[in-house]
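Contents: one structure, followed by commentary.
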Amino acid sequence: MPLRRRDVMTTLAAGAVFGLARQVEARAQPAGRVRNVVLAHGLFADGSCWSEVIARLQAAGLNATAVQNPLTTLAEAADSIRRVLDRQDGPTVLVGHSFAGVLISETGLHPKVASLVYVAARAPDAGEDYAALAELFPTPPAGAGIVFDADEGRLTETAFLRDFAGDLPAERARVLYAVQQPFRRSLTAERTTAAAWKARPSFYAVSTEDRTIDPDLQRFMAGRMKARTIEVQASHLSPISRPKQIAALVLEATRVA
């Protein structure tokens, strides 16, 4: 049965209550923590979008690895994550930004995954039509800036600077624009076969100034998964513009896994 806007607003309100419950639960957990973190990037990016977060995780004594996912098919992108997870030497926190929320939902049942962190990320249910869900919320402007060369999509420079990385200095955003990885057109229409957030402790960082995924859609998905949720005053590219807050959430996820 399709979701109605009234159902969405009810879930958003419930999510605030569940988020508070998660905070209480997190504080009650033992002090031991997971030592491995695997980070997956989404569309219009590559693994370098995690560089600022990785530096902070390494300073905290964690083993952090960024996946270079191919953004071709769901199966190939998921396999790129599973191969990195296979190499970890113990329990791991799996982190996804943007479209990579789809990928960590698909791969997060891997036996080494202890918890999940979604950063301004898609978080579909298994088999859910994400596009239909997104239509219940205002259309963010970034989508109008996607251009295709045959089957490969990317953001224009104007849309990247304004709608993807809007809170970064222009010179920094242009460097990131230069390394964005094109995605295959059909990738965004594929549906997951799993929703790992139903079986793993989950965390979510909402970007309140996001022009790529509507902030209320992020809040809805975080509430639905009963995630421990924070709100970050940031563009969609919060791993670069607010790395301290994103790293702190990942560190919290290592302690409750």
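The table for this structure:
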| item | result |
| --- | --- |
| Selection from the range 195-226 of residues that are in contact (Cβ under 8 Å) with a residue 60 or more places away in the chain and farther than 17 Å from VAL117 by Cβ | ARG211, THR212, ASP214, ASP216, LEU217, PHE220 |
| Those residues of the range 102-144 which are under 16 Å from PHE164 (Cβ atoms) and not in a loop (DSSP other than H, G, I, E, B), in sequence order | VAL119, PRO141, ALA142, GLY143, ALA144 |
| Among (1) modelled with pLDDT of 95 or more; (2) surrounded by 13 or more Cβ atoms within 10 Å (Cβ to Cβ), the one test that ARG22 misses | (1) |
| Some residue of the range 185-199 being of a type outside the set (Gly, Ala, Ser), over 20 Å from ASN69 (Cα atoms) and in contact with a strand residue (DSSP E or B) (Cβ under 9 Å, 6 or more places away or on another chain) | yes |
| Pick from the range 174-188, criterion assigned to a helix (DSSP H, G or I) and among the polar types (S, T, N, Q), ranking: farthest from the chain's Cα centre (by Cα) | SER186 |
| Check on VAL206, at pLDDT 95 or above, in contact with a Pro (Cβ under 7 Å, 6 or more places away or on another chain), under 24 Å from PHE160 (Cβ atoms) and not small (Gly, Ala, Ser) | yes |
| Considering residues of the range 145-172 that are in contact (Cβ under 8 Å) with a residue 60 or more places away in the chain and outside any loop (DSSP other than H, G, I, E, B) only, the residue surrounded by the fewest Cβ atoms within 10 Å (Cβ to Cβ) | ARG172 |
| Any chance THR212 is within 25 Å of LEU109 (Cα to Cα), buried (at least 16 other Cβ atoms within 10 Å of the Cβ) and either polar (S, T, N, Q) or modelled with pLDDT under 95 (or both) | no |
| Identity of the residue in the range 81-101, assigned to a helix (DSSP H, G or I) and in contact (Cβ under 8 Å) with a residue 24 or more places away in the chain, that ends up nearest to ASN36 (Cα to Cα) | LEU85 |
| Total residues in the range 69-79, condition among the small types (Gly, Ala, Ser) and either within 16 Å of the chain's Cα centre (by Cα) or assigned to a strand (DSSP E or B) (or both) | 2 |
| Residue, surrounded by the most Cβ atoms within 10 Å (Cβ to Cβ), within the range 113-144, restricted to residues that are more than 25 Å from GLN233 (Cβ to Cβ) and small (Gly, Ala, Ser) | ALA114 |
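The values are calculated or read from the model by the stated rules, or taken from the named source; none is laboratory data. Quick caveat: nothing in here was measured; it's all calculated off a predicted structure. A quick note on method: Cβ atoms are made from the backbone with ideal geometry, for glycine too, and the neighbour counts reach across all protein chains shown.
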